[in-house]
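Student: Could you have a look at this structure, given as structure tokens, before my questions?
The values are calculated or read from the model by the stated rules, or taken from the named source; none is laboratory data. Please read all numbers here as calculations on a predicted model, not as lab measurements. Because the Cβ atoms are built from the backbone with ideal geometry, glycine has one as well, and the counts that use them run over all protein chains shown.
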Amino acid sequence: MEKSCFVIMGYGIKNGINLDTTYEEIIKPCINTNHLVPFRLYDEDRFNAFRCDEISGSTSIDFKFVTCLNGADIVIADISTMNVNAIYELGARHALKPRSTILLCSKDKEKEFKFFDLTYVPIIFYNHQGLHIDACEIKRVQNDLNKFIDFAVNSDTDMPDNPISRALNERNIYKEIIPDKSLYAIYKQGKEFLDNNEYESALDMFNSLVELEESVENILLYALAKYKIAEHDNSEKSLIDILNYLKERIDIDNSTSEEIYGRVAAICLRLFNISGDKIYYYEALKYYMKGAGFCKKNLYCPRNYCALLLRICEVTDDINIINEYYYTAKHHAKIYVHMPLEVSTLSFEERIYYRYNKIDLDAIINDGYTDYDNIISQISTNVEISLLQKDTLLQGIKSLNGSLIRICNVVR
């Protein structure tokens, strides 16, 4: 049976992007390759089309798009221009249908991507050069889009792929299995264990959470507890297992979540620390850099990206490369330290991380801490900071201080 398709996007040139190029060069060829047909809005096929502006007839636009959004088997949405109508239609589709909605977005809009509810939804980002798209990029995006369409057409899963349907589906499951407040109670207990460095107990709690709700947030908490155990044991195998666990459950490379990139980067960095394999160094650097592009909270990824650049001495003796990484770290630190974040909305824990990450960025800019011993003392004696946070902050500051001393001795 033929599957129907509807496309959410603007048309013509909007915000310097030729949307028709995306439609004609990428979306339409994939639609044809997968033998998709327009949603049957009218009985006569000649009046139907894939995109709203192409649909004939005097019927109101809102009737056309709502009916197609509700009825189409597959919806492809390009939100490159952040057009309010396209975003509204995407939200309507998510509310109407639990799955088979595919998102595309121009890569130069990736850093502007601030839709929290779409952070964990797989998105095909692509390089749009404004009026045209490079032929190699067209082929790559077509390949990705064909895979998404193939899954939507041929997969027998009934798992929701959007945040609205997923939340409603999980809510119904919770009502059948557990009392309303028990999930939060499990989370709170697990977080308390984690903050007190009781990682095995935290792992048990977060494992229960994942079994009840396999959300990205809970998967990351479970992975964090396992990471802390592997870090304590210096177990390379356990760290690789955690990395594979995350890759099996999360579309990491298409994410727009700083938290996902930060967690994966931390695992890769620990693998580098244990094995000395520079592949893990560059992987950690890549994921910290990607996470920095989506920073909304406490400067975690920006700080760690700059700090890791300074450890290039552990990977190469080439003075030109070392100089390049050193000045890149200082340059980015100057940008990140002034990054506009809504600090007042952060939790106490996040504000503490923000404060000391900012101090670390200043240290990178100034080639060292102005009051290193006092900073260490402040953290060590602060009774309001959890054991986990103390260990994390102290370990990070001591490591960065050592990196600054080493690289400054080389570049001077």
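Student: If I filter the stretch 60-80 for residues that are without any contact (Cβ under 8 Å) to a residue 40 or more places away in the chain and either among the hydroxyl-bearing types (Ser, Thr, Tyr) or in contact with a Ser or Thr (Cβ under 8 Å, 6 or more places away or on another chain) (or both), do I get at least one hit?
Tutor: yes
Student: If you don't mind, another one. Look through the stretch 181-197, keep the residues that are charged (D, E, K, R) and surrounded by fewer than 17 Cβ atoms within 10 Å (Cβ to Cβ), and return whichever of them is nearest to Asn218 (Cα to Cα). Full working, then the answer.
Tutor: Here is the first cut: in the stretch 181-197, the residues charged (D, E, K, R) are 181, 188, 191-192, 195.
After this cut, where a residue has to be surrounded by fewer than 17 Cβ atoms within 10 Å (Cβ to Cβ) as well, the list is 181, 188, 192, 195.
Details: Lys181: 16, Lys188: 12, Glu192: 15, Asp195: 16 Å.
Only one residue tops the list, namely Lys188.
Student: For the subset of the stretch 270-284 comprising residues that are over 10 Å from Leu239 (Cβ atoms), in contact with a helix residue (DSSP H, G or I) (Cβ under 6 Å, 6 or more places away or on another chain) and in contact (Cβ under 8 Å) with a residue 24 or more places away in the chain, which member is surrounded by the fewest Cβ atoms within 10 Å (Cβ to Cβ)?
Tutor: Tyr281
Student: When you go through Ile260, Ile240, Ile267, Ile312 one by one, which is the residue that is assigned to a helix (DSSP H, G or I), surrounded by fewer than 21 Cβ atoms within 10 Å (Cβ to Cβ) and not hydroxyl-bearing (Ser, Thr, Tyr)? I'd like the intermediate steps shown before the answer.
Tutor: Working: Ile260 fails: surrounded by fewer than 21 Cβ atoms within 10 Å (Cβ to Cβ); Ile267 fails: surrounded by fewer than 21 Cβ atoms within 10 Å (Cβ to Cβ); Ile312 fails: surrounded by fewer than 21 Cβ atoms within 10 Å (Cβ to Cβ).
Only one candidate qualifies: Ile240.
Student: Would the stretch 364-376 turn up any residue that is within 28 Å of the chain's Cα centre (by Cα) and either in a helix (DSSP H, G or I) or free of Cβ contacts under 8 Å to residues at least 24 places away in the same chain (or both)?
Tutor: Taking the stretch 364-376 as the starting set, the residues that turn out to be within 28 Å of the chain's Cα centre (by Cα) are 364-365.
Subsequent filtering for residues that are either in a helix (DSSP H, G or I) or free of Cβ contacts under 8 Å to residues at least 24 places away in the same chain (or both) retains 364-365.
So far as the stretch 364-376 goes, yes, one or more of its residues are within 28 Å of the chain's Cα centre (by Cα) and either in a helix (DSSP H, G or I) or free of Cβ contacts under 8 Å to residues at least 24 places away in the same chain (or both).
Student: Among Glu200, Glu214, which is the only one that is touching a helix residue (DSSP H, G or I) at 6+ places or on another chain (Cβ under 9 Å) and at pLDDT 90 or above?
Tutor: Working: Glu214 fails: at pLDDT 90 or above.
Testing whether each residue is touching a helix residue (DSSP H, G or I) at 6+ places or on another chain (Cβ under 9 Å) and at pLDDT 90 or above leaves just Glu200.
Student: Being farther than 24 Å from Asp108 by Cβ and among the hydroxyl-bearing types (Ser, Thr, Tyr) is the filter here; which residues of the stretch 254-281 pass it? Write out each step before concluding.
Tutor: Initial filter on the stretch 254-281 (farther than 24 Å from Asp108 by Cβ): 263, 266-281.
Ser275, Tyr280, Tyr281 - these are the residues of the stretch 254-281 that are farther than 24 Å from Asp108 by Cβ and among the hydroxyl-bearing types (Ser, Thr, Tyr).
Student: Further question: Find all pairs meeting these conditions: Cβ atoms under 8 angstrom apart; at least six residues apart or on different chains; first residue within the stretch 1-15 and free of Cβ contacts under 8 Å to residues at least 12 places away in the same chain and assigned by the TED database to the domain that holds Val84; second residue surrounded by fewer than 22 Cβ atoms within 10 Å (Cβ to Cβ) and part of a loop (DSSP other than H, G, I, E, B).
Tutor: Correct list of pairs: empty, since none qualify.
Student: I've got another one for you. Please verify whether the stretch 295-309 includes one or more residues that are modelled with pLDDT of 95 or more, surrounded by fewer than 23 Cβ atoms within 10 Å (Cβ to Cβ) and out of contact with any strand residue (DSSP E or B) (no Cβ under 7 Å at 6 or more places or on another chain).
Tutor: no
Student: From (1) more than 21 Å from Ala292 (Cα to Cα); (2) not in a loop (DSSP other than H, G, I, E, B), pick out the condition that doesn't hold for Glu384.
Tutor: In the conditions (1) more than 21 Å from Ala292 (Cα to Cα); (2) not in a loop (DSSP other than H, G, I, E, B), Glu384 misses (2) alone.
Student: Residues of the stretch 360-375 being under 10 Å from Val337 (Cα atoms) and either buried (at least 18 other Cβ atoms within 10 Å of the Cβ) or at pLDDT below 95 (or both), which ones? Steps first, please.
Tutor: Taking the stretch 360-375 and keeping what is under 10 Å from Val337 (Cα atoms), we get 360-362, 365.
Answer for the stretch 360-375, where residues must be under 10 Å from Val337 (Cα atoms) and either buried (at least 18 other Cβ atoms within 10 Å of the Cβ) or at pLDDT below 95 (or both): Asp360, Leu361.
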